[in-house]
Structures are given as C-alpha cells and as structure tokens.
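Just below is one structure, and these are the notes that go with it.
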Amino acid sequence: MAGSHGERNGDIHEKTQVQVEVTPKEHSVREEEKVDEAATSRLSTSSGSNDAEKANGFQQPFVKSDAEKTLVRKIALTLMPLIAWTLMLQFADKAALSVSAVLGIYEDDDFTLTGSEFSLLGSMFFIGHLVCQPINNIMLQKVPVGRYLATCILLWGTVVLATAYCRTVPQLMAMRFLLGLFEGTAMPSVYLIVNTMFRRSEQTTYYGIVTMSSAWGSIFAGFVTYGISQMGHQRGILMWRWNHIIFGALTMLLGLICIFFLVDNPKSWLLRLTEEEKAIMEERTKDNAVVRQKKVKWDQMLEAVKEVRFWCICLAVMGLNMQNGALQVYSVLFIRELGDFTPGESILLKVPAGTSAFLSVVFATFVARRTGQICLTGAFMATLSLVGCIILTVVEQGPAKLVGFYITWWLTGSYSLLITTIGSNVSGYSKKIFYNSAFVVFYTLGNFIGPLVMLERQAPRYTGAMIGFCVGNAVAIAAYLLMRFIMAKENKDRLANPPSESTDVALDLTDKHDRNFIYRL
C-alpha cells in the first residue's frame, strides 16, 4: 500500500474523523438505546473539535457555511456528471450481451451459440471482474485515480467495439473476460473519489447518485437499443453488432473526455478554488482524514475477518447480486418469454426495470437520510425485492409475472445502502480497504453465480433460480438486522461510557479500538 502518511489526495476510503450535519439519527440513537442521561450530558459538554463525529460522538452538530454549500455544489457539478455518464455506460456496455439475445446473436451465421454458452458468456464478465480486484487495489494507490479510471474506460470501450467483430464463441468469451477486467476498475475508483471529495454526512446522497446512475444506464440503453432494433441489419451488419459498435464508440469518447476533465482530488485545478474555498477544502480533507498509509496493517484485516458484521455484508451483497447478475444477462430474453413480444417490445419492456431500480435508490436514500436508519431501510428494500422474486416463482404467466420482475429490481436500493454502511461504519485505513475489496469480490461472486443457476431446462420459469434468489434476499434481510443489533449494542456502551479525550486521526485506529467512534445505524 504505497503513499505518504501526510497525503490526502485521491485515495480510497475516508477515515472517520468527520463532522456531520444534524439528522434524526443523532436523536434516535439516544432514544432507542435509552442511554443514561448523565453519560449523554457528559458527552454533549465535552470539548469540541474538528472531529465532531469521531472524536466526541455526535455532540457537536455541524452546520455548513454558505461558502461551503457553494463549494459542495461546485464539486458536485464538476464531478458528478462524468461519474454518472461513466456508470451509465458501464452498465450499458456490460448489459449489451442481454439485448444481443433479441438482436440476432442466436441467428448469426458466423457461430452457433447455445443457451449454456450464453450463460457462460454472462459469467465470463464476472471472472474478469474478480481477477481485476487485487491488481486494481495496488494501482489505485500507485497512480492518479482520475487518469487511471479514464484509461480503463477507454480500454473497455475498445473491447466493446472489438466485440462487434468477433467471429467465434471463444473470441466472444475472451472479449467478455477483458470487458469484466477493465470495467472492474470503475466502482472502486468511483468509491475512492466520492470518499475523497465529500464529507461522510454527504456520502449517503452521493453514493445514492452513484447507484442511480446504473439505473439511468439501463433506461438510456433501453431506448438506444430499441432504436437499433428498428434499424435492422444495415450494411449487412447484424443488429447485435451495431449495438456493440455504437456503445463502444460512445465509451471511448467518454474515456478521452475523462482523461482531461475528471476530478480526482480536492486540490484539482478543475475546481477553480478561491482562497476561501482552499481553506474550506483543507478542513474537509482533515474531516474525512483520507490519509495515505505506506504500511499495510495486517492486524486490521484480521480484525475485519473476525467481525460478524464483515460476513453479514459479504453474504448480503452476494445474495442480492445473484439475482442482479442473472436478471441483467437474461432480462430481455426473460421478458420475451413472458409473452408474445417482438424484439423491440422486449427491449422497451426492460426500460421500466431500470426505472424501478432508479426509484428504489431514490426512495432508499431519502428514507435513510430522513430517519437515520440505514440498516432498517436496507432490510425493507430487500423485503420488497423478495416479494418480487416470490411472484416470479409462483406465477406461471401473465402481467402479474411482469410486475414481479419489475419489483425485483428494488434490490438496487438495498444494495446501495450496503455501500453506505461500509463508508459510514468502518475505520482504519487497511481495514476499510479490506472491507471494500471483499465487498467487490462477493459482488462479483454473486453476479457470476446468478447466470449459471438459470438452467436452460427450467426455462421459461427458472423455478430453481427464483427460489435461490428468494433465499438470497432473505439472507440480506437477516444480515441487515443482525448488523444493526451489533452496532446499536456497541453504541449504547460507548455513549454511556465516553472517553475523556478526543481521537488523534494520525493513530489510524479502527472503529473497534476507537471508543469515540459512533456507528450509523
């Protein structure tokens, strides 16, 4: 893990020495846990510091100045459009395979593609995604994040474009693997940038936007591919190949733009900071404590592995993404098998699924911010997704089955809050890196397993897979509730027995050892 202890630019995983805006959570923690009044009073009157959330609990409500609000808007307007387009095209590119099923890939004269090979194509992407992670973790600490991500965008755009010229199934397999390899850099890089640029109290909103961008990608890709389905096999090129050519070219263009204009650190010249804004940004950087550490602290990673909370997150993300991976690959084909739809109609009927995913993240983000209840909101979203899976399992045919398909995409809201709980509740540089790496690994495993359980002999109902997805949602619900119980119990103890001194961020304490750290439930 390279880097200097004093550096604060473009690195992943914020430390936890932060200030927070007042939310209902500050009050709900005390009321729900019935903390001793005297302990709460001592906590509230202890000496203030820049580290209001970590060093002294929640006793010093932080209120942004007008100048900082203006700065946050500037950061958001400069950074988030490129982040959104990156994730939109990332989703569109990896989902290009699913729409290929109704754009003529099975009818291609250059090769004969079976249903099992189609499933394997879906899983090859996630094998590449998995292989990417250890390499990506090193690269994120060695090179400027913005340029690195932009280069990877350019490379995966090239891969998507090259896929249009594949003439054999092994060539398609290789392209899907490379696509997963390069796209695997996107989410960790984006999390790093969001952690660096925004306060912890702001991150629920911006993580929500990150997740919503994938849903926007589904909607955007749906309308573009519908247009492609109407143009036919122009110039002797099959529609599925046109789909890859168009999205590949768009992604390459985005990569070139990001090389020059993607902000990846608080001191970027692209932000055009005034002297006042530079001072505010310095405080925000101290607040987030995103400090590079050269030394890998293996004891922090071992601590993570021993935590029940770690395995709750891993199992929840895998359970939710089995369903995610399968429905992404099979979505258009699945919809077509629900009724007598044309290829164009099947593509358009996929658009509401993206809309459903988008609305689920909006709803989850809004409720979590207003109530301060991340885990309960996540469990509720997973429950809605479970209802959708049950409908797909028990309903044989008809409009109700299509409605169930759309409801299943509310898993996206639950998934987005898993990201938030890591960002908000894990401290210690090496520990946070390990948590995020494990998150991506289990995300990849879920997406890899999902398409493989969609057995061809069970089409069109795929009963076995749907039952498995029901179990995955149930595991996510249980994991959220167990995490909340563990963190609430620890909060009660810490609020009742607060330390007498604030925490020095330079110590790089984990959330377990920093008794000033208060978990966001």
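State all residues of region 63-121 that are part of a loop (DSSP other than H, G, I, E, B), within 29 Å of the chain's Cα centre (by Cα) and β-branched (Val, Ile, Thr); if no residue qualifies, say none.
Val63, Val102, listed by residue number.
Hey, Val131 hits all of (1) in a helix (DSSP H, G or I); (2) open to solvent by less than 60 Å² (accessible area, probe 1.4 Å); (3) among the β-branched types (Val, Ile, Thr) but one; which does it fall short on?
Every listed condition holds for Val131 apart from (2).
Does Ile518 satisfy being in contact with an Asp or Glu (Cβ under 9 Å, 6 or more places away or on another chain), open to solvent by less than 60 Å² (accessible area, probe 1.4 Å) and either among the β-branched types (Val, Ile, Thr) or in a loop (DSSP other than H, G, I, E, B) (or both)?
Yes.
I'd like the full set of residues that are hydroxyl-bearing (Ser, Thr, Tyr) and either within 11 Å of Thr412 (Cβ to Cβ) or open to solvent by 10 Å² or more (accessible area, probe 1.4 Å) (or both), limited to region 344-376.
Within region 344-376, the first condition is being hydroxyl-bearing (Ser, Thr, Tyr), and the residues that meet it are 346, 355-356, 360, 365, 371.
Passing the criteria: Thr355, Ser356, Ser360, Thr365, Thr371.
Could you figure out which of (1) surrounded by fewer than 22 Cβ atoms within 10 Å (Cβ to Cβ); (2) under 17 Å from Ala92 (Cβ atoms) isn't true of Glu183?
Here Glu183 clears every test but (1).
On the basis of being in contact (Cβ under 8 Å) with a residue 40 or more places away in the chain and either under 21 Å from Val305 (Cα atoms) or in a helix (DSSP H, G or I) (or both), does Ile433 make the cut? Even if it seems obvious, please write down each step before you answer.
Numbers: in contact (Cβ under 8 Å) with a residue 40 or more places away in the chain: yes; either under 21 Å from Val305 (Cα atoms) or in a helix (DSSP H, G or I) (or both): yes.
Here the answer is yes, as Ile433 does meet what is asked.
Taking the condition without any contact (Cβ under 8 Å) to a residue 60 or more places away in the chain and either in a helix (DSSP H, G or I) or open to solvent by less than 40 Å² (accessible area, probe 1.4 Å) (or both), does Phe439 pass? Step through it out loud before you land on a result.
Working: without any contact (Cβ under 8 Å) to a residue 60 or more places away in the chain: no; either in a helix (DSSP H, G or I) or open to solvent by less than 40 Å² (accessible area, probe 1.4 Å) (or both): yes.
So Phe439 does not fit the description; no.
Rundown of residues vs (1) under 23 Å from Gly217 (Cα atoms); (2) modelled with pLDDT under 80, yes/no style:
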{"position": "Val63", "(1), (2)": "no, yes"}
{"position": "Leu71", "(1), (2)": "no, no"}
{"position": "Ala76", "(1), (2)": "yes, no"}
{"position": "Leu87", "(1), (2)": "yes, no"}
{"position": "Gln90", "(1), (2)": "yes, no"}
{"position": "Ser100", "(1), (2)": "yes, no"}
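For the subset of region 236-246 comprising residues that are touching a Gly at 6+ places or on another chain (Cβ under 8 Å) and either assigned to a helix (DSSP H, G or I) or hydroxyl-bearing (Ser, Thr, Tyr) (or both), which member is nearest to Met88 (Cα to Cα)? Show your work before the answer.
Taking region 236-246 and keeping what is touching a Gly at 6+ places or on another chain (Cβ under 8 Å), we get 238-240.
Filter again for either assigned to a helix (DSSP H, G or I) or hydroxyl-bearing (Ser, Thr, Tyr) (or both), leaving 239-240.
Values: Met239: 21, Trp240: 19 Å.
It comes out as Trp240.
Per-residue answers, yes or no, for (1) farther than 25 Å from Ala84 by Cβ; (2) assigned to a loop (DSSP other than H, G, I, E, B); (3) not polar (S, T, N, Q):
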residue: Gln141; (1), (2), (3): yes, no, no
residue: Leu149; (1), (2), (3): no, no, yes
residue: Leu155; (1), (2), (3): no, no, yes
residue: Arg167; (1), (2), (3): yes, yes, yes
residue: Leu179; (1), (2), (3): no, no, yes
residue: Phe182; (1), (2), (3): no, no, yes
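Conditions tested, residue by residue: (1) at pLDDT below 85; (2) acidic (Asp, Glu); (3) open to solvent by less than 20 Å² (accessible area, probe 1.4 Å).
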residue	(1), (2), (3)
Ser123	yes, no, yes
Gln141	yes, no, yes
Leu149	no, no, yes
Leu155	no, no, no
Gln171	no, no, no
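Looking at (1) open to solvent by less than 20 Å² (accessible area, probe 1.4 Å); (2) at pLDDT 80 or above, which is the only condition Ser430 fails?
(2)
Working only within region 254-295, note down all residues that are of a type in the set (S, T, N, Q) and either open to solvent by less than 20 Å² (accessible area, probe 1.4 Å) or at pLDDT below 80 (or both). Give the derivation first.
Step one: filter region 254-295 for residues of a type in the set (S, T, N, Q), giving 265, 268, 274, 285, 288, 293.
Result: Ser268, Thr285, Asn288, Gln293.
Considering only region 296-317, I want to know if a residue exists there that is modelled with pLDDT under 85, open to solvent by 40 Å² or more (accessible area, probe 1.4 Å), within 25 Å of Val194 (Cβ to Cβ) and in contact with a Phe, Trp or Tyr (Cβ under 9 Å, 6 or more places away or on another chain).
yes
If we keep just the residues of region 480-514 that are more than 16 Å from Lys431 (Cβ to Cβ) and assigned to a loop (DSSP other than H, G, I, E, B), which is least open to solvent (accessible area, probe 1.4 Å)?
Pro498
List pairs: first in region 109-131 and β-branched (Val, Ile, Thr), second open to solvent by 10 Å² or more (accessible area, probe 1.4 Å) and in a helix (DSSP H, G or I), Cβ under 7 Å, 6+ apart or cross-chain?
Cβ pairs passing all conditions: Ile127/Phe177; Ile127/Phe448; Val131/Leu181.
Give region 373-425 a look and list any residue that's of a type outside the set (Phe, Trp, Tyr) and part of a loop (DSSP other than H, G, I, E, B), or say none.
Within region 373-425, Gln373, Val395, Glu396, Gln397, Gly398 qualify.
The values are calculated or read from the model by the stated rules, or taken from the named source; none is laboratory data. Because the structure is a prediction, the values reported are computed rather than measured. When we count neighbours, we look across all protein chains shown, and the Cβ atoms used for this are built from the backbone with ideal geometry, even at glycine. Accessible surface areas use protein heavy atoms only, side chains included; no ligands, DNA or RNA. Shrake-Rupley method; radii C 1.70, N 1.55, O 1.52, S 1.80 Å.
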